[in-house]
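The values are calculated or read from the model by the stated rules, or taken from the named source; none is laboratory data. Every value quoted in this text rests on a predicted model; they were computed, and no experiment measured them. As a convention, Cβ positions derive from the backbone with ideal geometry for all residues, glycine included, and neighbour counts pool all protein chains shown. When the accessible area is computed, the model is the full protein with side chains, heavy atoms only, and any ligands, DNA or RNA have been set aside. Shrake-Rupley method; radii C 1.70, N 1.55, O 1.52, S 1.80 Å.
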Amino acid sequence: MATLSVKPGRRFSLPDWHSNAELLSANAERRRSASHRVRQEARVLRNETSNQTKWDEQDNKTRLTERISSVNRWKETLDKCLADIDAEIETLAKVKEAAEHALQAKNLPLDVAIECLTLRESRRAIDVVRDPVEEELHKEVEVIEKAKRDLQQRVSEAFEQLCLLQEARQQLNLDHRGKMEALEIDRVCLSLNVNSPNISFKVNPTRVPDGSTSLQEWDDYSQRNKDRAEAEMKASNELREAIALTIAQTNNELEAQRVVTEFALRKRIRDLEKAYDELKWQEKNTLEEIAEMEEDIRRLEEDLRRKMKDLKLAHTRLETRMQRPDVELCQDQVQYGLTDEVRQLEGTISALKQKLAQSQGALDALYKQLYHIQTDIGYKANSLVLDNKCMDTRRKLTVPAEKFVPEVDTFNRTTNRGLSSLQSRQLQLA
């Protein structure tokens, strides 16, 4: 008969078995309840974090959009400011160039005035006077030099203002480039999403970079650049108006002085022509008087020669009658008559010689006066030539350079009269 083997080990009672079953069931229920709670909490957390993440991402997209809009508004403002400052730089450069041309244009009037003064230095003797023409020419030189100084100052101011505008533009351009880069970066950030291929974890992305500024500082920076550019443009506009006013004033002053100078020069030419005509009339009358005086002297000399012959005749008769013999040598009426005739002729000859000497003296005085007159005519003719050359030279101020043809015979063109050979020689010597 076989024997039943008995497994070694502890034997539990039935209550233990039931208690163990109930414990397992209770533990399982508790674990399932804990798991359910955890699952529910996880779902709630997932929902909450998903919503929070979506809202945060959406909020940041909105912030990025608003930031892009804000930066873009500043960029557009800077665009307009850059366009305005570029236009102002171009306009001021043109005004500066106009001022430089006006400054350069003053060289011709200055050269003409100095040339006129130099020409008039060739006047001779009594005609070297400080007349109104010379005074106005000196005033004209002063007006031109003052105009050149004023214009040169304006050109220097325009150059300095252009430098300031360029500095302001450079600062605006730097700010503008920064705005463009920031816009590009923020637009890239706005375009990123969780599926973008170029996203990754970064080391300490929440750090504050060196050189960071506050939003107020950022706004103030662009505002300062804009305000400075507008201030420089305002100053440039005022300078342009001042330059235009200076150009107009200098041109008006120079034109007024030119009119005054040419009026004085024309008056001086008329005075010289009047004096020249008066001297020519005096020369003509003096020459006529010299001719008459020479004729009278010739007649006086002829009368004197005749009277000398008459005196010789009377002397000869008296001397011959001295040869009468003896008693015939008497003081008769013939003797008395011849003696009276000799005395009368001697008185007449003395008077004729005296008058001849006076006439010669008067003739010499007339010749000296004629020389002075003709010399002064030469001076006046020379002055007329010089002043007419001045007038001809001043035509450069009103006639374009390509159309300017200098007048050759300025004296004869003006006076319609020729010069005597003596005057021509004097002018040649001059």
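In segment 375-383, the count of residues that are touching a residue at least 40 places away in the same chain (Cβ under 8 Å), more than 30 Å from L254 (Cα to Cα) and of a type in the set (D, E) is one or more. Residues of segment 185-196 that are open to solvent by 70 Å² or more (accessible area, probe 1.4 Å) and among the small types (G, A, S): S191 alone. Quickly run through segment 252-273 and pick out the residues that are touching a residue at least 40 places away in the same chain (Cβ under 8 Å), among the acidic types (D, E) and open to solvent by 20 Å² or more (accessible area, probe 1.4 Å). Matches in segment 252-273: E253, E273. Among the residues of segment 103-149, those identified as assigned to a helix (DSSP H, G or I) and among the acidic types (D, E) are D111, E115, D127, E134, E135, E136, E140, E142, E145.
Scanning segment 197-215 for residues that are more than 25 Å from N72 (Cα to Cα) and surrounded by 10 or more Cβ atoms within 10 Å (Cβ to Cβ) yields a single hit, I199. Restricting attention to segment 47-82, the residues being over 21 Å from K226 (Cβ atoms) and among the β-branched types (V, I, T) number 4.
Table: residues versus (1) part of a helix (DSSP H, G or I); (2) among the charged types (D, E, K, R); (3) closer than 30 Å to D296 by Cα.
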| residue | (1), (2), (3) |
| --- | --- |
| V327 | yes, no, no |
| S350 | yes, no, yes |
| K355 | yes, yes, yes |
| Q358 | yes, no, yes |
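The residues on offer are N20, N107, N72, and the sole one that is modelled with pLDDT under 90 and either closer than 30 Å to D175 by Cα or among the polar types (S, T, N, Q) (or both) is N20.
Cβ-Cβ contacts under 6 Å between residues 6 or more apart (or on different chains), taken from a first residue in segment 181-206 that is within 18 Å of I68 (Cβ to Cβ) to a second residue that is open to solvent by 70 Å² or more (accessible area, probe 1.4 Å) and not hydrophobic (A, V, I, L, M, F, W, C), are listed as D186/R67. Every condition in (1) open to solvent by 70 Å² or more (accessible area, probe 1.4 Å); (2) touching a residue at least 12 places away in the same chain (Cβ under 8 Å) holds for D86 except the one numbered (1). Of Q170, Q166, all but one fail to be open to solvent by 60 Å² or more (accessible area, probe 1.4 Å), closer than 27 Å to N72 by Cβ, among the polar types (S, T, N, Q) and without any contact (Cβ under 8 Å) to a residue 24 or more places away in the chain; the exception is Q170. Could you check, for segment 294-302, whether at least one of its residues is at pLDDT 90 or above, touching an Asp or Glu at 6+ places or on another chain (Cβ under 6 Å), open to solvent by less than 30 Å² (accessible area, probe 1.4 Å) and in a helix (DSSP H, G or I)? No - not one qualifying residue is present in segment 294-302. Residue count for segment 373-423 under the criterion of being at pLDDT 65 or above and within 23 Å of E115 (Cα to Cα): the result is 22.
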